[in-house]
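Here's the structure, in structure tokens; my notes come after.
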Amino acid sequence: MLNLAWAKTFLTLIDTKSFQAAADQLQMAEPTVSQQIRKLEEEIGVLWLHRSRTGCEPTEAALTFMPYAQSLVRISEHAVMAVRSGRVRVRASSNVGIYVLQPYLRKFLRQHDPALFDLVIDRNPVIAQKLYDSELDVAIMEWWEQRPGFSWKRWRSEPLVLIVPPDHPLCESRQISKRKLAEMDLLGGEPGTGTGRLLESYFGNTGRSPRLSMQLGSTEAVKEAVKAGLGVSLVLQSAVTEEVRNGSLCAIPLQRPKLEKDLFVIWRDSGLNHFSRPPFVRHLIGDASTESERRSGPVQ
């Protein structure tokens, strides 16, 4: 097991490039710094530094170890902060955080201190990595890889709709068929949302599926592109409620089988009962029986 104090000393030494400067910054004796670095070298079996007249330069092994040491120290600091402050760290994917989560968040914060609640809206791959690195408590995402060490629950399913500008020939259509959709070119939105995987599953081995053109980076960008007549796209129905209401976009549902995207709530698995869920998770999914809850087992 790696010693957190040694990891912190290692990072300080790499930053200052001097044993004395590291000792001054850490408020410890220089021999103590040397001893901790030596013990860390012995623990892992590598050399961290090349010493020269100009200071200490990190070896290739040190550069490889640096991000892991930074993660260890950061996780330690977050753990202490979480216990002492009760702060909840939540990240939601862009579509969820912007279009779906707000009413639930407003209700939750009526009964909890907003100063102790951190919500960041980010891209799905970034959220997943932060979750794996223990840098947040709860994730709400548009896909989930079911990695070990986490509990998760399918929170809700959101229908996808085809959006077109008001002057588009399809605007008056009440529905669009799966066959017609397969013939279309669609504007792509934010990478990593799982829409591509969903379309692969939806069309299966038929050999026919829509082609994606461009990657516009966000649903907001997609909506503006469709309004400008640059193409059509598939988005969450909840993402275009306002535009449909004001007539700036038309949203066309799919004929059966409908195309829906599952949204997931994920949190670290404590191995205890459902009362160990973070309060925000209990708020979103309720205190239902754990029979409907999934724990991610070992990756097959």
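Here are some notes:
- Debye equation applied to the C-alpha atoms of the stretch 145-192, log10 I(q)/I(0) at 0.16, 0.23 Å⁻¹: -0.70, -1.03
- Panel values: the stretch 1-49, Kirkwood radius from alpha carbon pairs, Stokes-Einstein at 4 °C and 1.567 mPa s, translational diffusion coefficient 123 µm²/s.
- Relative contact order of the stretch 1-85, taken over Cα pairs closer than 8 Å and 6 or more residues apart, is 30 percent.
- Seen from every direction in turn and averaged, the convex hull around the alpha carbons of the stretch 1-135 projects onto 10.6 nm².
- Inverse of mean 1/r across different Cα pairs in the stretch 168-243, Kirkwood, Å: 13.2 Å
- Rounded percent of accessible protein surface that carbon and sulfur make up, the stretch 1-143, 1.4 Å probe: 53 percent
- Per residue convex hull volume, Cα atoms of the chain, in Å³: 202 Å³
- Cross-link partners of K258 among lysines (Cα-Cα below 17 Å; sequence separation of 8 or more within a chain): K178, K180
- Over the chain, Cα pairs under 8 Å with separation of 6+ residues give a relative contact order of 21 percent.
- Straight-line reach from K130: taking Cα to Cα under 28 Å and skipping same-chain neighbours fewer than 8 places apart, the lysines in range are K8, K107, K153, K261.
- Each peptide in 202-209, 218-225 was scored by the mean count of other Cβ atoms within 10 Å over its residues; highest first, the order is 218-225, 202-209.
- A simple charge model with +1 on the Cβ of Lys and Arg, -1 on the Cβ of Asp and Glu and nothing else charged puts the dipole of the stretch 1-145 at about 460 debye relative to its Cα centre.
- Here's the list of aspartates and glutamates a cross-link from K39 could span, going by alpha-carbon distance under 16 Å and ignoring same-chain residues fewer than 8 apart: E30.
- Among beta bridges that DSSP assigns inside the stretch 121-254, antiparallel share in %, nearest 5: 55 percent
- Annotation: amide H-H contacts under 5 Å for L216 (H modelled 1.01 Å from N, sequence separation of 5 or more, or interchain): G188, G189.
The values are calculated or read from the model by the stated rules, or taken from the named source; none is laboratory data. No experiment lies behind these values; they were computed from the predicted model shown. Every residue, glycine among them, receives a Cβ derived from its backbone with ideal geometry; neighbour counts consider all protein chains shown. In case anyone asks, the SASA skips ligands and DNA or RNA and just uses the protein heavy atoms, side chains included. Shrake-Rupley method; radii C 1.70, N 1.55, O 1.52, S 1.80 Å.
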